[in-house]
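Input: a single structure, listed below in structure tokens.
The values are calculated or read from the model by the stated rules, or taken from the named source; none is laboratory data. What you see is a predicted model; the values in this text were computed from it and never measured. Every residue, glycine as well, gets a Cβ built from its backbone with ideal geometry; the counts of neighbours run over all protein chains shown. We work out accessible area using only protein heavy atoms, side chains counted, and drop any ligands, DNA or RNA first. Shrake-Rupley method; radii C 1.70, N 1.55, O 1.52, S 1.80 Å.
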Amino acid sequence: MEIEQQALSNPTGVETIEISGSVALLEALIAEGTEVIFGYPGGAIMPIYDALYDYKEKLNHILVRHEQGGIHAGQGFARTSGKVGVVFATSGPGATNLVTGLADAMIDSTPLVCITGQVFAHLLGTDAFQETDVINITTPVTKWNYQVTDATEIPEVLSKAFYIARSGRPGPVLIDITKNAQIQKFDYSGYTPCNHIRSYRPKPLIRNEYIEQAAALINQAKKPFVLWGQGVILGEAEKEFKAFVEKSGIPSAWTILGAGAIPTDHPLNVGMLGMHGNYGPNVLTNECDVMIAIGMRFDDRVTGRLDKYAKQAKIIHLDIDPSEIDKNVQTTVPVWGDCKETLPALTALIQQKTYPEWLKKFRDFDQKEIEAVINDELHPASGELTMGEVISHLNELTHGEAIIVTDVGQHQMVACRYAKLNKTRSNVTSGGLGTMGFALPAAIGAKFGAPERTVVAVIGDGGFQMTLQELGTIMQSNIDVKILILNNRFLGMVRQWQELFNQHRYSFVDIESPDFVALAAAYRIKGKSISERGEISSSLKEMLEHKGSFLLEVMVTKENNVFPMVPQGCSVSEIRLK
Amino acid sequence: MDSNKINIAPASLSSGEPARAGTDGGRDEAKQEFTITVYTENQIGLLNRIAIIFTRRKINIHSLNTSPSEIESIHRFNIVVQETEDVVRKLSRQIEKQVEVLKVYFNTNDDIIWQEMALYKVPTDIIAEKASVERLLRENGARAVVIRKDYTVFETTGHREETDALIRILQPFGLIEFVRSARVAIIKNSDGFNRKLREFEKAEPGEDVNENEYLNKGQRIFTM
């Protein structure tokens, strides 16, 4: 093993060494800087796990409780670290359990490399035990996928996989490796990272004409409005974005995946876009004269009714993915390219400006929203607890320094609306796919991706029960994740829609929960459940100060609604405050 | 056709004229036949990856031809759909985004020269007996590929209407079997792909490879 390791660590040497496909895979992971693998073994991936036995010192493998948990953990890791998440699963059910996470990572542009075991190549197509056609099942939900049937392909395929996953618009890649290829020995001559594939251009060529035209539009605008999305974070362009916003003086609003790219309390940050976003950004979308969309894709939850969306505005769209231009909203000036490069070029050409009157309009709408919605949500004087006041207390204790991982539903909207975020990569949520059950496993990965930071998973009582088996992963990995369950004893978002649009016909949204504190105790995780206003702050403090994981359940009011709200099929300017 | 083309010449900015004609994304546009030409690597599974871009939008592929191109290792797809230009542009961009796709073009029938090949199997005795049939076949540009005692196979190439016409003609004479190939199409205004491929092989392809519809270098060519 000693000698073998030495030879392997010398990729430039011409000598070759005979190794198995499994060892070549693990060497590739090490060469790509993999720190942690989230996985679950099984028959068809056993040779890889056998090789992993000798790599325990170099690769940290976290045994999850379900492959879906594994891939969500990989996503959480990728989101907070900015690196590629690595996931292992076996063939058949192991592979199909990845599908939800792949779809989630695909729609939220999360870089992942998933390795699945596959039956022996000679058994492909024979309905062998635990055989499933994972390549075809995952084609719509992967940026790229590939089946390896020969060990000699492994180094090159893995280098392509990592390159594709992290370059351009990132996304999930799945590599399916047949068992024979895992076992097969071959002459290995080292690992060469990939940096070019002739048919793949991750970054479109930047056209200065567009940047000049965009700058001209911005410079003559009276009411410009910036919308930013996760592209700013994925492109690691937070500084460039901040410089652009500050020089241009343009009020800027975010999609939920863009949250935190500039701090919540930045004077030009005017809040959240979309269905449950802030009042001003939604209403004024239909008043701005120039809209500058940066690294966002005009999701229907952001735009509401498209034919009444910003019709008066000229639209500048900065995106690394040319297929996003004109996909949903017709662009006036397309600025194709990596915003880390296009933003500084644009900033250089725009005039330093401020728009005090225009900005005041946003703040006036804020005032209306505060009076109509926010005050009651964050500072209720009496009555049952609200989700918002819990988040408000959390903000005071974390000072906006924590990573907030959210699941899907009402608590997600409340947490994303009200959580204070000082830093980028602080908001981990399932945005595009809306995957309930995302938060608990994603929080595990988030902690591995940013071990020095506090990770708080805010989860509803419904979503928690979808992946609560990952408490076992937390217990065994001994990591520190704070679990904050906002329990309204309902599948709250669906209930809200049923109340508002289905005449209070509460169809199967009444959900019972187990004793979450006892459940946590069964996993040796300390827990507490509260329902009194006076306990919120002290309990959150106890949770945050506790060494190790902690589950805090807060019983909140049952039938609270998230407002403002743009009802489905309505224009953003028809946003309702109640 | 160009109603939703975006004119972003600097002049349009100063004129104050919104450059966003067809702001509903061209949804009212009429559907017509488009031929999508795709240059790809020769990769297992890529056909499925391309096909699902159509099927996820519930769009039927009218005709599909895939075959090695004139360039070693590069495959060429011809895909025919009946759709609006707006939809075809979105489909094309999503196809070109696939890792193993080099380039996508989409064209109306005016932009291309195309052919489909058809084979017709008819009983030999009828052909031999009836001189009129032979004349009809000749008039329709068909030629005999195989003549056997019991049947004869004729071949013709042409547009759909032409190959269809011959079915109708042969039907009364006991047409036994018919098959037609997918459309193959040559783009009138194209320099082929050889030079482009060499550019693609560079880490930083030159500007001319990064054609761009907004710069009007070829009306229906877009790429990054």
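Can A:PHE490 be described as within 30 Å of A:TYR279 (Cβ to Cβ), in the same structural domain as A:LYS447 (by TED's automatic domain parsing) and over 24 Å from the mean Cα position of the chain (by Cα)? For A:PHE490, the condition - within 30 Å of A:TYR279 (Cβ to Cβ), in the same structural domain as A:LYS447 (by TED's automatic domain parsing) and over 24 Å from the mean Cα position of the chain (by Cα) - is met. Pairs are defined by a Cβ separation below 8 Å, a sequence spacing of at least 6 or placement on different chains, a first member in the range A:188-211 that is at positive phi, and a second member that is at pLDDT below 90 and part of a loop (DSSP other than H, G, I, E, B); the pairs so defined are A:GLY190/A:ASN10; A:GLY190/A:PRO11; A:GLY190/A:THR12; A:GLY190/A:GLY13. Residues that are more than 23 Å from A:TYR191 (Cα to Cα) and of a type in the set (Asp, Glu) within the range A:19-78 comprise just one, A:GLU67. Checked against the criterion of being more than 14 Å from every other protein chain (Cβ to nearest Cβ), touching a residue at least 24 places away in the same chain (Cβ under 8 Å), of a type outside the set (Phe, Trp, Tyr) and under 25 Å from A:ALA243 (Cβ atoms), the range A:324-339 has at least one qualifying residue. Does A:LEU52 meet the test of being open to solvent by 40 Å² or more (accessible area, probe 1.4 Å), within 20 Å of A:THR473 (Cβ to Cβ) and not small (Gly, Ala, Ser)? The answer is no for A:LEU52.
Which is of a type in the set (Phe, Trp, Tyr), within 23 Å of A:ARG65 (Cα to Cα) and open to solvent by 50 Å² or more (accessible area, probe 1.4 Å), of A:PHE129, A:PHE120? Selected residue: A:PHE129, the only one of A:PHE129, A:PHE120 that is of a type in the set (Phe, Trp, Tyr), within 23 Å of A:ARG65 (Cα to Cα) and open to solvent by 50 Å² or more (accessible area, probe 1.4 Å). Within the range A:172-187, not a single residue is within 30 Å of A:TRP336 (Cα to Cα), assigned by TED's automatic domain parsing to the domain that holds A:CYS114, among the charged types (D, E, K, R) and touching a residue at least 60 places away in the same chain (Cβ under 8 Å).
When B:LEU46 is tested against the conditions (1) within 12 Å of another protein chain (Cβ to nearest Cβ); (2) modelled with pLDDT under 95, the lone failure is (2).
Of the helices (runs of 4 or more DSSP H) contained entirely in the range A:146-236, those carrying at least 2 residues that are surrounded by fewer than 20 Cβ atoms within 10 Å (Cβ to Cβ) fall at A:154-166, A:179-183, A:208-219.
Yes or no: the range A:505-513 includes at least one residue that is acidic (Asp, Glu), open to solvent by 20 Å² or more (accessible area, probe 1.4 Å), assigned by TED's automatic domain parsing to the domain that holds A:LYS541 and under 17 Å from A:VAL458 (Cβ atoms). No, every residue in the range A:505-513 fails to be acidic (Asp, Glu), open to solvent by 20 Å² or more (accessible area, probe 1.4 Å), assigned by TED's automatic domain parsing to the domain that holds A:LYS541 and under 17 Å from A:VAL458 (Cβ atoms). Taken over the range A:55-66, the criterion of being farther than 13 Å from A:LEU25 by Cβ and open to solvent by less than 20 Å² (accessible area, probe 1.4 Å) is satisfied by A:ILE62, A:VAL64. Out of (1) surrounded by 14 or more Cβ atoms within 10 Å (Cβ to Cβ); (2) part of a loop (DSSP other than H, G, I, E, B); (3) at pLDDT 95 or above, the odd one out for B:ASN65 is which? Every listed condition holds for B:ASN65 apart from (2).
Looking at (1) without any contact (Cβ under 8 Å) to a residue 40 or more places away in the chain; (2) within 13 Å of chain A (Cβ to nearest Cβ); (3) among the hydroxyl-bearing types (Ser, Thr, Tyr), find the lone condition where B:THR156 falls short. Among (1) without any contact (Cβ under 8 Å) to a residue 40 or more places away in the chain; (2) within 13 Å of chain A (Cβ to nearest Cβ); (3) among the hydroxyl-bearing types (Ser, Thr, Tyr), the lone unmet condition for B:THR156 is (2).
Filter the range B:123-151 for residues that are in a strand (DSSP E or B), more than 30 Å from the chain's Cα centre (by Cα) and of a type in the set (Val, Ile, Thr) and give the result. I'd like the intermediate steps shown before the answer.
Pass one, the range B:123-151, residues in a strand (DSSP E or B): B:123, B:143-147, B:151.
Then drop every residue that is not more than 30 Å from the chain's Cα centre (by Cα), which leaves B:123, B:147, B:151.
Hit for the range B:123-151 is B:ILE147, nothing else.
Among the residues of the range B:75-96, is there at least one that is out of contact with any strand residue (DSSP E or B) (no Cβ under 7 Å at 6 or more places or on another chain) and open to solvent by 50 Å² or more (accessible area, probe 1.4 Å)? Within the range B:75-96, not a single residue is out of contact with any strand residue (DSSP E or B) (no Cβ under 7 Å at 6 or more places or on another chain) and open to solvent by 50 Å² or more (accessible area, probe 1.4 Å). Of everything in the range A:303-321 that's assigned to a helix (DSSP H, G or I) and either more than 19 Å from A:GLY432 (Cβ to Cβ) or open to solvent by 20 Å² or more (accessible area, probe 1.4 Å) (or both), which residue is farthest from the other protein chains (Cβ to nearest Cβ)? The residue in question is A:LYS308. Hey, can you tell me all the residues within the range A:347-384 that are under 23 Å from A:TRP254 (Cβ atoms), open to solvent by 30 Å² or more (accessible area, probe 1.4 Å) and among the hydroxyl-bearing types (Ser, Thr, Tyr)? Once the filter is applied, which keeps residues that are under 23 Å from A:TRP254 (Cβ atoms), open to solvent by 30 Å² or more (accessible area, probe 1.4 Å) and among the hydroxyl-bearing types (Ser, Thr, Tyr), the range A:347-384 yields only A:THR354. Scanning the range A:308-328 for residues that are at pLDDT 95 or above and either more than 23 Å from the chain's Cα centre (by Cα) or not assigned by TED's automatic domain parsing to the domain that holds A:TRP254 (or both) yields A:LYS308, A:TYR309, A:ALA310, A:LYS311, A:GLN312, A:ALA313, A:LYS314, A:ILE315, A:ILE316.
For A:LEU433, state whether it is farther than 27 Å from A:GLY280 by Cβ and open to solvent by less than 10 Å² (accessible area, probe 1.4 Å). Here the answer is no, as A:LEU433 does not meet what is asked.
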